[in-house]
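> Sharing a structure, written as structure tokens. Questions coming.
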Amino acid sequence: MGPMVERAELGSRKSAVLHAVVEEYVRTGEPVGSETIADRAGLGVSSATIRNEMAALEELGYLSHPHTSAGRTPTDIGYRHYVDSLPAGGRLRDAQRRAIAGYFAEAILDLEEVLKGSVQLLSRLTQYAGLAVPPSAGEEPIVRLELIDMGPTMMILAVGQHGRVDKRIFDRPEGLDQHALDRMERRLAALRGLTYTDAQVQLLQLAAEDDRDQRDLLLHVADTLRTAQQGEGSAHMLVGGVSNLADEAQTWRRETLRLLFETLEREQEMLHVLHDVSAGAGDLSVTIGTEHPSTGEWDASIITAPFGAHDAPLGTIGVVGPTRMDYLSAMASVRAVARRLSELATELEQ
């Protein structure tokens, strides 16, 4: 959560009125009047009392009053109070629970592929845009590292624990005999289980100490691992369901949508935003509007959760959408998908 002014605790009636306004506004997209709350919320007080409470909530900064309407809409601070007061677990709807269980029952054991599907799944469940940051290649353990003899050429094959595959083909060095190949194979076998980063360091150290034939091979393997970390496998982001945000164009200003779309296209910029909003969060992070400069500019909220194996974080998954968001449902969906991803990542490491 970003820096926000400390506010006095709301009484139970003001909280109940604020919650009713948030839920009605999320449901309809229309500014909410006191009569609507009196009719729908079952608070057992008159619409005049509710009108007074809504005026007080506006004075305190929890509601705002669009000029063109008699009704009120929640502010970022109003949404924050609502989110902070939600029950800790958050319940999934039956259809959402079935969709998550069905997807993970079919999921293949390749974390990157599963993540791409998970982003689409979250987008379908919430109707917002799904986001994920996969594990970086540098931190991924290597399960296979081989030098394959193809006659006039050689191929290096590196396979990561989460399913990434990197290959490099190069001309066979002159005078390379079977003894040298066997020795190289043993050296590469000893690196399995290390991360791409650690294996690269070891290879460079071996190359510095070795004779010419082995040094060139060792440097080829080290360069294959370095390229893996800088290319596709470097820090990147998966996005799904951006078209869902365009469906919000009636209630979300077109300019804010344009700014958000532009940032989504600039991957590194969006990665910085996700890093900021997720840093130091526990199992779930909710950033609302002006709590971060970027979400403030977009008039948007981001909900993220980390996933990992054996309590070691691997990546982040979440959704971005308008501040007028169904927070209860979106938070439950993000939390549930992150939990399933962690279970899958743990399976992959066993």
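The values are calculated or read from the model by the stated rules, or taken from the named source; none is laboratory data. All of these numbers come straight from a predicted model, not from anything done at the bench. Every residue, glycine as well, gets a Cβ built from its backbone with ideal geometry; the counts of neighbours run over all protein chains shown.
> Which condition does residue 66 not pass, out of (1) more than 17 Å from residue 323 (Cβ to Cβ); (2) surrounded by fewer than 19 Cβ atoms within 10 Å (Cβ to Cβ); (3) not β-branched (Val, Ile, Thr), if it passes all the others?
(1)
> Also, quick follow-up: Scanning for something under 16 Å from residue 26 (Cα atoms) and of a type in the set (S, T, N, Q), does the range 287-301 turn up at least one residue?
Taking every residue of the range 287-301 in turn, at least one turns out to be under 16 Å from residue 26 (Cα atoms) and of a type in the set (S, T, N, Q).
> Residue 96 passes all but one of (1) under 17 Å from residue 26 (Cβ atoms); (2) exposed (fewer than 12 other Cβ atoms within 10 Å of the Cβ); (3) not hydrophobic (A, V, I, L, M, F, W, C); which number fails?
The failed condition is (2).
> Got at least one residue in the range 16-23 being out of contact with any Phe, Trp or Tyr (no Cβ under 6 Å at 6 or more places or on another chain) and over 24 Å from residue 299 (Cβ atoms)?
Yes - at least one qualifying residue is present in the range 16-23.
> Pairs needed: first member in the range 21-43, more than 13 Å from residue 63 (Cβ to Cβ) and of a type outside the set (A, V, I, L, M, F, W, C); second member anywhere, modelled with pLDDT of 90 or more and part of a helix (DSSP H, G or I); C-beta distance under 8 Å; at least 6 residues apart or different chains.
36/24; 40/20; 40/24
> For the range 128-153, what are the residues that are over 19 Å from residue 195 (Cβ atoms), touching a residue at least 24 places away in the same chain (Cβ under 8 Å) and not assigned by TED's automatic domain parsing to the domain that holds residue 302?
Within the range 128-153, 147, 149 meet the criteria.
> Does the range 191-201 contain any residue that is more than 30 Å from the chain's Cα centre (by Cα) and buried (at least 17 other Cβ atoms within 10 Å of the Cβ)?
Yes.
> Any residue at all in the range 169-188 that's in a helix (DSSP H, G or I) and polar (S, T, N, Q)?
Yes, the range 169-188 has at least one match.
> On the given criteria, is residue 143 hydrophobic (A, V, I, L, M, F, W, C) and surrounded by fewer than 14 Cβ atoms within 10 Å (Cβ to Cβ)?
no
> Just for the range 5-61: of the residues that are β-branched (Val, Ile, Thr) and touching a helix residue (DSSP H, G or I) at 6+ places or on another chain (Cβ under 7 Å), which one is farthest from residue 73 (Cα to Cα)?
Filtering first and then ranking leaves 50.
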